1. So, in the range 2-33, how many residues would count as being over 14 Å from Val62 (Cβ atoms) and part of a loop (DSSP other than H, G, I, E, B)?
2. Which condition breaks for Pro73 when tested against (1) farther than 20 Å from Val132 by Cα; (2) assigned to a strand (DSSP E or B); (3) modelled with pLDDT of 90 or more?
3. Is there any pair with a first residue in the range 102-121 that is more than 20 Å from Met41 (Cα to Cα) and hydrophobic (A, V, I, L, M, F, W, C) and a second that is outside any strand (DSSP E or B) and open to solvent by less than 50 Å² (accessible area, probe 1.4 Å) whose Cβ atoms are under 9 Å apart and which are 6 or more apart or on different chains, and what are they?
4. State whether one or more residues within the range 42-56 are in contact (Cβ under 8 Å) with a residue 12 or more places away in the chain, open to solvent by less than 60 Å² (accessible area, probe 1.4 Å) and within 25 Å of Tyr123 (Cα to Cα).
5. In the range 83-92, is there at least one residue being assigned to a helix (DSSP H, G or I), touching a Ser or Thr at 6+ places or on another chain (Cβ under 9 Å) and open to solvent by 80 Å² or more (accessible area, probe 1.4 Å)?
6. Do you know which residues across the range 122-146 are open to solvent by 30 Å² or more (accessible area, probe 1.4 Å), more than 17 Å from Thr11 (Cβ to Cβ), touching a residue at least 12 places away in the same chain (Cβ under 8 Å) and not basic (Lys, Arg)?
Amino acid sequence: MGSRDADIDFTFTDPITVRAALDALARVGWSMDVSRGLSCMIDDADGMCEWYRSSPADAGEVLARLDAPGNLPYSVAVDVCHPEAGTGGMLLFMPGRTKVAFVPTIDRRRIPAAPEFTDLAWYVNALVPAFVGAGLQGYEAAEIKH
């Protein structure tokens, strides 16, 4: 049958920090996912992605680590959720931080009449308004079957 991957790729006019992106998302109901502890990823020079779990009390330290100048050449990620909507996913910040991908991985919303597909329109509507004031230049949404 195969699997399906969906994501929304955002492009910003200037680099965006993880903290700035989360602040923008918080204004429209999103937050760091703390349901299983804070989950974040930091790439390294060897291309090895390390996922970390931290206590919600360590959020400031986690954000400082993700936004550290030494991590600018590497990808970093953090899980976010929209508690009211009961969904979430991973925000993946690419090297240089002008490109950010959102991957719906937490209780993915489906299209009711075609449940094999992700309701990308819902995610676009829930994310784009937050990023408009943060220098959003454009976005591309895609779903692909493997």
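The values are calculated or read from the model by the stated rules, or taken from the named source; none is laboratory data. The shown structure was predicted, so the numbers you read here are calculated from the model rather than taken from an experiment. With ideal geometry, Cβ positions are generated from the backbone for all residues, glycine too; neighbour counts draw on all protein chains shown. Areas reflect the complete protein model, heavy atoms only, side chains present, ligands, DNA and RNA absent. Shrake-Rupley method; radii C 1.70, N 1.55, O 1.52, S 1.80 Å.
1. Of the residues in the range 2-33, the ones over 14 Å from Val62 (Cβ atoms) are 2-16, 20, 23-30.
Those still in the list that are part of a loop (DSSP other than H, G, I, E, B) too: 2-3, 13-16, 27-30.
Here the count works out to 10.
2. (2)
3. Short answer, once both residue conditions are applied: Ile111/Asp119; Ile111/Leu120.
4. At the first step, the residues of the range 42-56 found to be in contact (Cβ under 8 Å) with a residue 12 or more places away in the chain are 42-45, 49, 51-56.
In the following step, the residues that additionally are open to solvent by less than 60 Å² (accessible area, probe 1.4 Å) were identified as 42-44, 54-55.
Add one more test, that the residue is within 25 Å of Tyr123 (Cα to Cα), and what stays is 42.
Checked against the condition, which is being in contact (Cβ under 8 Å) with a residue 12 or more places away in the chain, open to solvent by less than 60 Å² (accessible area, probe 1.4 Å) and within 25 Å of Tyr123 (Cα to Cα), the range 42-56 yields at least one hit.
5. Narrowing the range 83-92 to residues assigned to a helix (DSSP H, G or I): none.
Scanning the range 83-92, I find no residue that is assigned to a helix (DSSP H, G or I), touching a Ser or Thr at 6+ places or on another chain (Cβ under 9 Å) and open to solvent by 80 Å² or more (accessible area, probe 1.4 Å), so the answer is no.
6. The first filter runs over the range 122-146 and keeps only residues open to solvent by 30 Å² or more (accessible area, probe 1.4 Å), leaving 122, 125, 129, 132-134, 136-137, 139-146.
Add one more test, that the residue is more than 17 Å from Thr11 (Cβ to Cβ), and what stays is 122, 125, 143-146.
Add one more test, that the residue is touching a residue at least 12 places away in the same chain (Cβ under 8 Å), and what stays is 122, 143-146.
The answer is Trp122, Glu143, Ile144, His146.
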